[in-house]
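Take a look at the structure below.
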Amino acid sequence: MKLAELGELGLLAELEQRGLVHGIEHDAAVVEGLVVTQDALVESVHFRFDLLGWRELGARAAAVNISDLAASGADPLALLVSLGLPEETEMEHVLELYAGLNERNVPVRGGDTTRADRVVLSVTALGRSDRVPGRAGAKPGDAVVVTGPLGAAGAAFRSGRLSPVPSRVEEGQRLARVATAMLDLSDGIARDAGHIAKRSGVRLAIELERLPLAEGAELDDLGFGEDYELLATTPDPLGFPVIGRVEEGDGVELTLRGEPHSLSGWEHFR
């Protein structure tokens, strides 16, 4: 079977079933108290230089990894950067890239460089957390909350721009004290909520009219992904916007003013 048929989730499920990967159900791995996450950005797949510059690329690569640490309630400690570059790349561009990587004030502590046909940027972020909610603990009766407005990335893409990645480290640390499950919204709310529902063995009932929308965003923009706000299930909303509830059952139920509604989501390999 080809990856285009299997999809990212199908690939991960197959690897997990065969015992070739372990503990991959969360936004980050926890190894002896250290929270570790990694994300790769490939030119022409995840970004184009007609839409962003080298410094913006570095800043974005750091931010999306720090977002995974935020979803783990972690305090960011360091970044490791692996970088593949064409040999004709200008040195000034590489300096701009690393300036962007340092914009979130999390130090780059190592990594690797290699020659490549196109730019490939892989960042590993390290942090520490007293409590990582993960994705498997949601319970019926919990509230479903988000940390901020959604749809900004989809709205920006429609207008030929890229939206900034928010930093929700402090919000993640607050929520991690009480949340039963938490992740960051990178693939669209329907798809990401489905991760929690599947791992926790529950249904997430989400009322779309309760979602806070970013300025200029439309409902369909919620399926674009890349908002990087945090989605959590919790017995205590802590003042964050409540967009639904956890119920007995399975999957994700999306409604708009009481009527069923569907949203797309980002799917790697398809």
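For this structure, a couple of remarks:
- Candidates ALA99, ALA70, ALA62, filtered to the one that is closer than 21 Å to VAL45 by Cβ, modelled with pLDDT of 95 or more and hydrophobic (A, V, I, L, M, F, W, C): ALA62
- Subset tally (residues that are acidic (Asp, Glu) and either assigned by TED's automatic domain parsing to the domain that holds SER186 or under 15 Å from GLY84 (Cβ atoms) (or both)) for segment 43-59: 1
- When residues of segment 212-224 are limited to those that are buried (at least 23 other Cβ atoms within 10 Å of the Cβ) and within 13 Å of SER163 (Cβ to Cβ), the one farthest from the chain's Cα centre (by Cα): ALA217
- ASP192 being buried (at least 18 other Cβ atoms within 10 Å of the Cβ) and more than 25 Å from ALA28 (Cβ to Cβ): no
- Some residue of segment 21-32 being β-branched (Val, Ile, Thr), within 16 Å of the chain's Cα centre (by Cα), closer than 27 Å to GLU171 by Cβ and assigned to a helix (DSSP H, G or I): no
- Here segment 169-198 is the region considered, the condition is being at pLDDT 95 or above and either in contact with a Lys or Arg (Cβ under 7 Å, 6 or more places away or on another chain) or not assigned by TED's automatic domain parsing to the domain that holds GLU247 (or both), and the residue that is nearest to GLN38 (Cα to Cα) is LEU183.
- The residue of segment 162-186 that is surrounded by the fewest Cβ atoms within 10 Å (Cβ to Cβ), among those that are of a type in the set (Val, Ile, Thr) and out of contact with any helix residue (DSSP H, G or I) (no Cβ under 6 Å at 6 or more places or on another chain), is VAL178.
- Screening GLY201, GLY249, GLY244 for residues that are of a type outside the set (S, T, N, Q), farther than 30 Å from PHE47 by Cβ, buried (at least 22 other Cβ atoms within 10 Å of the Cβ) and in contact (Cβ under 8 Å) with a residue 40 or more places away in the chain leaves exactly one candidate, GLY244.
- Residue check, LEU183 within 17 Å of the chain's Cα centre (by Cα), assigned to a strand (DSSP E or B), within 21 Å of PRO76 (Cβ to Cβ) and aliphatic (A, V, I, L, M): yes
The values are calculated or read from the model by the stated rules, or taken from the named source; none is laboratory data. All figures in this text were calculated on a predicted structure; none of them were measured in a lab. Here the Cβ is made from the backbone with ideal geometry for all residues, glycine too, and neighbour counts use every protein chain on show.
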